[in-house]
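The values are calculated or read from the model by the stated rules, or taken from the named source; none is laboratory data. In this text the structure is predicted, and so the values were computed from the model without any measurement. Here the Cβ is made from the backbone with ideal geometry for all residues, glycine too, and neighbour counts use every protein chain on show.
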Amino acid sequence: MQDNGILRLAYDIADVTQDKVGLIEEIMQRTEILALNARIEAARAGSAGAAFGVVAQEMGSVSSGINRIAKEFRAEVEAHTQSIEEAGAAMITEFRGQRLTDLAFNAVEIIDRNLFERSCDVRWWATDSAVVAAAASPGDPHRLDYASSRLATILRSYTVYLDLWITDTQGNVIANGRPDQYPQAVGSNVSQQGWFRDAMATANGDAFTVADIDRNPQLENAAVATYATAIRRDGEQNGAAIGVLGIFFDWSPQAQTVVDGVGLTEEERAHSRVMLLDAQHRIIADSRGPASLDETFSLAPGERERGYDGDTERLVAFARTPGYETYRGLGWYGVVETSTAEEKNGTPGVHKRSLVAS
């Protein structure tokens, strides 16, 4: 990758330096041998070779000095190369960690903004006159049919929803927007489900509830984000709760678009995984494909709202949901996991040390 260029350059310089020092040492070794042979021949020549012997002796001294300098230079180059490698690896990790953290934050922020709109939808639609009339008269088939027709109209415009349900105060579903597609919805009882109980307990029309991503058996076991609020008498903000409106956001395709759209390079995408985790670190969206909702991801954020961790094998960046407007979020995380092992290929020396900064 481009951010490994400084390390590659350092390794190239070190390799060239080591090669040249090696050549110097080889030449000096040959020079020492020649100087030794010259001294031997000068000794054989006796007094006639005395002057030549002095020159040979000096050549040997010079050769030894150069050889010593070359060895010291080699040691210093190795030490500095190691320092450059460690500093460069830390710098690369810091840069990459911060960038991936920003991408993780962007992913969960986009979801927050999207789900804030869902909270607005449910509060608005709960005041629709047809919805209020159906909840006020759960035994009137004409009002229920009209409410179902009204919900169907909403669904044709808001295609991100699978269905919209109206319940009475006992949790019985009395109308839905897609009775032909989900005929098993009407007549089912949701009184034991958290979203219904929480919606009935809301203080006023400004309040709503949202449930963790889960599969809904009445909606062909699809993964949904469920939003709900109380339907209030006469549609008044402080009216008595006369039922509940539950809306079911079609989670999987919308979330998949978010994790697939994170701004990674093609090279990064080849060895990265983008996820959304709920507060229990259950994977609720995964760039590798539709999440099963049964898998959890090992994440240890501690007290950090965002950051990154890693070792020689991987780098994991994360950011906790910031919430948006009146939607506080559910403690979800955006996560980007990238394998550093694949990035080491073709980068000499990187495999010797961790690419993780504290």
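Of all the residues that make up region 246-267, how many are assigned to a helix (DSSP H, G or I) and among the β-branched types (Val, Ile, Thr)?
The qualifying residues number 3.
Considering region 128-158 alone, what residues qualify as being touching a residue at least 40 places away in the same chain (Cβ under 8 Å) and polar (S, T, N, Q)?
Selection gives 129 alone.
Here's the yes/no breakdown for (1) within 30 Å of residue 159 (Cα to Cα); (2) in contact with an Asp or Glu (Cβ under 9 Å, 6 or more places away or on another chain); (3) among the acidic types (Asp, Glu):
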{"position": "254", "(1), (2), (3)": "yes, no, no"}
{"position": "267", "(1), (2), (3)": "no, yes, yes"}
{"position": "280", "(1), (2), (3)": "yes, yes, no"}
{"position": "289", "(1), (2), (3)": "yes, no, no"}
{"position": "332", "(1), (2), (3)": "yes, yes, no"}
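Would you check if there is a residue in region 233-255 being closer than 23 Å to residue 220 by Cβ and in contact with a Pro (Cβ under 7 Å, 6 or more places away or on another chain)?
yes
Would you call residue 320 buried (at least 17 other Cβ atoms within 10 Å of the Cβ), out of contact with any Pro (no Cβ under 6 Å at 6 or more places or on another chain), modelled with pLDDT of 90 or more and of a type in the set (Lys, Arg)?
yes
Yes/no per residue for (1) surrounded by fewer than 17 Cβ atoms within 10 Å (Cβ to Cβ); (2) in a strand (DSSP E or B); (3) of a type in the set (Gly, Ala, Ser):
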{"residue": "205", "(1), (2), (3)": "no, no, yes"}
{"residue": "218", "(1), (2), (3)": "no, no, no"}
{"residue": "229", "(1), (2), (3)": "no, yes, no"}
{"residue": "234", "(1), (2), (3)": "yes, no, no"}
{"residue": "238", "(1), (2), (3)": "yes, no, no"}
{"residue": "243", "(1), (2), (3)": "no, yes, yes"}
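Anything in region 123-139 that is assigned to a helix (DSSP H, G or I) and among the polar types (S, T, N, Q)? List them, or say none.
Correct list: 129 only.
Test each condition in (1) over 60 Å from the mean Cα position of the chain (by Cα); (2) at pLDDT below 70 for residue 7 and report the one that comes out false.
(1) is the only condition that residue 7 fails.
Right, residue 72: of a type outside the set (Gly, Ala, Ser), touching a residue at least 24 places away in the same chain (Cβ under 8 Å) and out of contact with any Gly (no Cβ under 9 Å at 6 or more places or on another chain) or not?
For residue 72, the condition - of a type outside the set (Gly, Ala, Ser), touching a residue at least 24 places away in the same chain (Cβ under 8 Å) and out of contact with any Gly (no Cβ under 9 Å at 6 or more places or on another chain) - is not met.
Among the residues in region 281-293, are any more than 21 Å from the chain's Cα centre (by Cα), at pLDDT 95 or above and closer than 24 Å to residue 122 by Cα?
No; the residues of region 281-293 include none that is more than 21 Å from the chain's Cα centre (by Cα), at pLDDT 95 or above and closer than 24 Å to residue 122 by Cα.
So which of 85, 94 is charged (D, E, K, R), farther than 30 Å from residue 153 by Cα, part of a helix (DSSP H, G or I) and within 18 Å of the chain's Cα centre (by Cα)?
94
What's the number of the condition residue 330 fails, among (1) more than 30 Å from residue 127 (Cβ to Cβ); (2) of a type in the set (A, V, I, L, M); (3) buried (at least 16 other Cβ atoms within 10 Å of the Cβ); (4) at pLDDT below 95?
All conditions are met except number (1).
When residues of region 208-243 are filtered for being among the hydroxyl-bearing types (Ser, Thr, Tyr) and touching a residue at least 60 places away in the same chain (Cβ under 8 Å), how many remain?
2
All but one of (1) in contact with a helix residue (DSSP H, G or I) (Cβ under 9 Å, 6 or more places away or on another chain); (2) part of a loop (DSSP other than H, G, I, E, B); (3) not aromatic (Phe, Trp, Tyr) hold for residue 173; which doesn't?
(2)
Kindly indicate whether residue 73 is at pLDDT 90 or above and assigned to a helix (DSSP H, G or I).
When the stated conditions are applied, residue 73 does not pass them.
Can you find a residue in region 102-122 that is crowded, with 21+ Cβ neighbours inside 10 Å, outside any helix (DSSP H, G or I) and in contact (Cβ under 8 Å) with a residue 24 or more places away in the chain?
Checked region 102-122: no residue is crowded, with 21+ Cβ neighbours inside 10 Å, outside any helix (DSSP H, G or I) and in contact (Cβ under 8 Å) with a residue 24 or more places away in the chain.
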